[in-house]
């Protein structure tokens, strides 16, 4: 079975819809989301509703947990805190209830799912081989999916070796049949790897491969929605630069 893996939509409807179109054009049988449906962006209801409709699996991210009140807003930067508070005020009750039912980690078959990392499912940014090694020591599953960092990347460790890893660009195809793996699909709604296009991963559970993809979307439209909602302008500006 092939699974489309996404993460960090951040209330960016334009990016989410473009990604869903790309997934529909692929041969993915299911969609798994690693969390952060809301936060930063201006269309939380639309994005939660799209996840409710299309995602077979959905985790909670730290921004989702902030909106539900499980995490204090003091733990966030000012811009993120303002966006979370705004989201609390505007989100529909049924979509808030959906977020309240999500958790930051899970398992599907032999694959571990974490919003952030196996060591800390909510907060840890796994951006180095050193941190990847520590996570690989902790995880029970051979292959784990992580989000949170907004960077498409992979880490692998083979027996008797230290972990290695690197950011992954569009078109990268990995053979994950051997070794221990951490795979990050990157961010749909707010990439931070210099590429503004929405990022997602196609995981082939039968062939044991992972392919990284990007989807063009209306960045200007998403930025205009943020400004129309009177959210911090920096949240709109960063979309153009993939930062």
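Considering only the range 2-241, what is the antiparallel percent among its DSSP beta bridges, to the nearest 5? Walk me through the intermediate numbers first.
Working: 28 of 41 bridges.
Counting DSSP beta bridges with both partners in the range 2-241, the antiparallel share is about 70 percent.
Give the average over all directions of the projected area of the C-alpha convex hull of the range 57-99, one decimal, in nm².
Values: hull surface 11.9 nm².
Mean projected area of the Cα convex hull: 3.0 nm².
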Checklist line | Among 233, 64, 193: highest mean-square fluctuation, GNM of the chain, C-alpha pairs under 10 Å | finding: 233
Check: Of (i) -0.42, -0.82, -1.32; (ii) -0.33, -0.70, -1.37; (iii) -0.38, -0.82, -1.61, which is the value of log10 I(q)/I(0) by the Debye sum over Cα atoms at q = 0.09, 0.13, 0.18 Å⁻¹ derived from the coordinates here?
Finding: (ii)
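When the Kirkwood hydrodynamic radius is evaluated over all pairs of different C-alpha atoms of the range 115-201, what value in angstrom, to one decimal, is obtained?
12.9 Å
Using Cβ counts within 10 Å as a stand-in for footprinting exposure, how do 7, 110 rank, fewest first?
Least crowded to most crowded, the residues run 110, 7.
Sort 50, 99 so the one with the fewest other Cβ atoms within 10 Å of its own Cβ comes first.
On the way: 50 20, 99 25.
Listing 50, 99 from fewest to most nearby Cβ atoms yields 50, 99.
Of the listed peptides 33-39, 158-164, 140-146, what is their order by residue-averaged count of other C-beta atoms within 10 Å, with the highest listed first? Don't jump to the answer; show the numbers that get you there.
Numbers: 33-39: 31.0, 158-164: 11.6, 140-146: 20.4.
Put in order of decreasing packing, that is 33-39, 140-146, 158-164.
Bear in mind that the values in this text are calculations on the coordinates, not laboratory data. Not measured: the values here are computed from a predicted model. Positions of Cβ are backbone-derived with ideal geometry, glycine not excepted, and every protein chain shown enters the neighbour counts.
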